[in-house]
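Peer 1: Could you have a look at this structure, given as structure tokens, before my questions?
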Amino acid sequence: MLKQLFHKKTFDRIFHENYSRLYLYAFHITGDAEVSRDIVSDVFTGLWNQMGRIDEKTLRAYLLTAVRNRCTDHLRTCLLDKRYEEYYLDTATELYTDDYEERAEEDRLIRRMLESLPPLTADILERCYLERKTYAETAALLGISPETVKKHIIKALRTLKKLYNPASLEES
């Protein structure tokens, strides 16, 4: 009887008798047609490799158990993938949000500092420090001398130091 299992016709018969039922069983568990086809194909590949060791009396139970186990493995893998995806998204969102909030707070502080300065001084400081323009470029844009730009920068930095870092004045 075991010799019959080695015969290709026997395998073909087993395949045709069981494929549809096993596919529907796998589809019922996974809900995915392609995954179900892959699982059933893998089970039949395993059957082909194990043909000398499987008793025909327990064949149906073997096939159902193998399909169920493969479906369970697939679902576990999907669940694990989903957990990793959620963890990654949570971590990335948290890092991005924290960075964004820090940047927004820095921007608010810079705006408050600039608002505390006279308009021309704030404009010069913004062009030189935030836009990274040279004193000469800023002077040319505003129609003033580079020396005047330098004086406004010095004035702005002293004012900001007094307003936002009073402890540093006591040390000087």
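Rule-based calculations on the coordinates, nothing more; no lab input. Everything quoted here is computed from the prediction, not taken from an experiment. No Cβ is skipped: glycine too gets one built from the backbone with ideal geometry, and neighbour counts run over all protein chains shown.
Peer 1: Within segment 1-155, count lysine pairs with alpha carbon atoms under 29 angstrom apart where the residues are 8 or more positions apart or belong to different chains.
Peer 2: Close lysine pairs under the 29 Å cut-off: 6.
Peer 1: For the chain, take every pair of Cα atoms, bin their distances at 10 Å starting from 0, and report each bin as a whole percent.
Peer 2: 8, 21, 14, 8, 7, 7, 9, 11, 10, 5, 0
Peer 1: Can you tell me the dipole magnitude for segment 32-172 around its Cα centre, using point charges on the Cβ only (Lys, Arg +1; Asp, Glu -1), in Debye to the nearest 20?
Peer 2: Result for segment 32-172 is approximately 260 debye, rounded to the nearest 20.
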